[in-house]
1. Select from the range 136-159 the residues that are touching a residue at least 60 places away in the same chain (Cβ under 8 Å), within 19 Å of S197 (Cβ to Cβ) and surrounded by fewer than 24 Cβ atoms within 10 Å (Cβ to Cβ) and list them in ascending order.
2. Suppose the filter is in contact with a strand residue (DSSP E or B) (Cβ under 6 Å, 6 or more places away or on another chain), over 23 Å from D200 (Cα atoms) and near the ligand (Cβ under 9 Å from one of its atoms); does Q53 pass it?
3. Just to be sure I understand, how many residues within the range 160-203 are among the small types (G, A, S) and surrounded by 14 or more Cβ atoms within 10 Å (Cβ to Cβ)?
4. For the range 171-203, enumerate the residues that are within 18 Å of G70 (Cβ to Cβ), away from the ligand (no atom under 16 Å from the Cβ) and basic (K, R).
5. Output the number of the condition that L122 fails; it satisfies all remaining conditions of (1) within 14 Å of the ligand (Cβ to nearest atom); (2) out of contact with any helix residue (DSSP H, G or I) (no Cβ under 6 Å at 6 or more places or on another chain); (3) more than 22 Å from D194 (Cα to Cα).
6. Within the set of pairs 6+ apart or on separate chains, which have a first residue in the range 67-88 that is closer than 21 Å to Q53 by Cα, a second that is hydroxyl-bearing (S, T, Y) and part of a helix (DSSP H, G or I), and C-beta atoms under 6 Å apart?
7. Condition first: touching a Lys or Arg at 6+ places or on another chain (Cβ under 8 Å) and surrounded by 17 or more Cβ atoms within 10 Å (Cβ to Cβ). Now tell me which residues in the range 71-85 satisfy that.
8. Name the residue, out of R126, R119, R25, R104, that is more than 20 Å from W168 (Cβ to Cβ), in contact (Cβ under 8 Å) with a residue 12 or more places away in the chain and of a type in the set (K, R).
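The values are calculated or read from the model by the stated rules, or taken from the named source; none is laboratory data. What you are looking at is a predicted structure, and each value in this text was computed from that prediction instead of being measured. Glycine gets a Cβ as well: all are built from the backbone with ideal geometry, and neighbour counts include every protein chain shown.
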Amino acid sequence: DLGRQDFGPPPATLPDLAQGLASCRHCAIGCNGTRAVAGEGQPAGGFMIVGEQPGDTEESLGRPFVGPAGEVLRGHLQAVGIDPGQGWLTNAVKHFKHQPTPKRRLHQSPTAGEIDTCRWWLDRERELVAPRLILALGASAARGLIGRTASVQRERGLLATHEGTEIWLTCHPSYLLRLDGAARAAEEARFVQDLASFADRVR
Ligand code: URA
């Protein structure tokens, strides 16, 4: 794609990729002094789940999806019969973009340009993990995977098939955490439905 950088020789293994991420300074987020959070899991499981970027908890612990949104995701995955530990969990952007405030580090969305820069890593990760199925959580994840911003409301479900890999789209679990009452219940039900459709393909 136009404007996408080449970061040099591709990492040969997933641990090499994790090491490369740790020292990546190709965008402003990578230069903010936080630690990179690499993907983790079981490449042989055949599926990959992609979020936006690590959050506060993920950056502190150095692992993806271990904060509040991760808890929602993992709980619903288990409920539809997917063991999250049996697949590969990762993010479109590998460092935590945030606004420091006296009380806490406030999440900031990555720009399209930052997502596109980090795509070099996500592409290498896809090559190494070689999943048969990918689930994109939200518009940023979709952009990292297909190179354009997708609309969750209009395009949820099977989003694209690329070289034999199906890419599915649903909302990001942190979106659910920002809703309450009936809206939360309705959106959470749609999320679970999407996960169940994805789970049918995993089996
Ligand atoms: N949100 C994400 O997108 N990824 C994480 O790892 C955690 C929260």
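1. G138
2. The answer is yes for Q53.
3. Residues in the range 160-203 being among the small types (G, A, S) and surrounded by 14 or more Cβ atoms within 10 Å (Cβ to Cβ): 5 in total.
4. Matches in the range 171-203: R184 only.
5. Result: L122 fails condition (2) only.
6. Taking only residues 6 or more apart or on different chains, the pairs are G67/T57; A69/S174.
7. P84
8. Within the list R126, R119, R25, R104, the selection yields R104.
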